[in-house]
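First comes the structure, then the notes that go with it.
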Amino acid sequence: MSGGPGAGLARDWTTHRPRPGRVAAYVGLVVLGALVGIAGSLVQAAWLPVGLLLSLLGSAGLFYGAREATGNQLGVLSAAVGWLVAIVLLSIGRPEGDALFGAGVGPLLFILGGMAVAVMCATLGRPLQPGGRSGRLEE
């Protein structure tokens, strides 16, 4: 056996320098996350029961799509950062009292539900290996 612990393991995004295309993809996901957050904020407030579900499904689609497109949790994180920054900025009221989010349970469910969906998408397990095997070594 040659090499120390971890020799021969595939390198992930934390062990090598990112390519410019991947950096652009992550920046694009931050912008897309902000746009989905803004759109979800408007939709959930407009049609409360259906709009809330529609905005959470849009957020879930963004987070899951980011994970599938990048193949790692950093894609979900970058989309979630853009989404959360947009939501926080929209929830801060102006000194005149104007705010996009109204009082009630709808905006709270949108914020907490969106964060929960982001965590769920980031912690999904890896898909099965080609051939239907789980990737675990047989004993």
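Computed quantities for the displayed model
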item	result
Residue list for segment 15-50, filter: without any contact (Cβ under 8 Å) to a residue 24 or more places away in the chain and part of a helix (DSSP H, G or I)	P20, G21, V23, A24, G28, A39, V43, A46, P49, V50
Where A69 falls short, out of the listed (1) at pLDDT below 90; (2) of a type in the set (G, A, S); (3) surrounded by 17 or more Cβ atoms within 10 Å (Cβ to Cβ)	(3)
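The values are calculated or read from the model by the stated rules, or taken from the named source; none is laboratory data. Note that the coordinates shown come from a computational prediction; the quantities given were computed from them, not determined experimentally. Ideal geometry is used to build each Cβ from the backbone, glycine not excepted, and the neighbour counts take in all protein chains shown.
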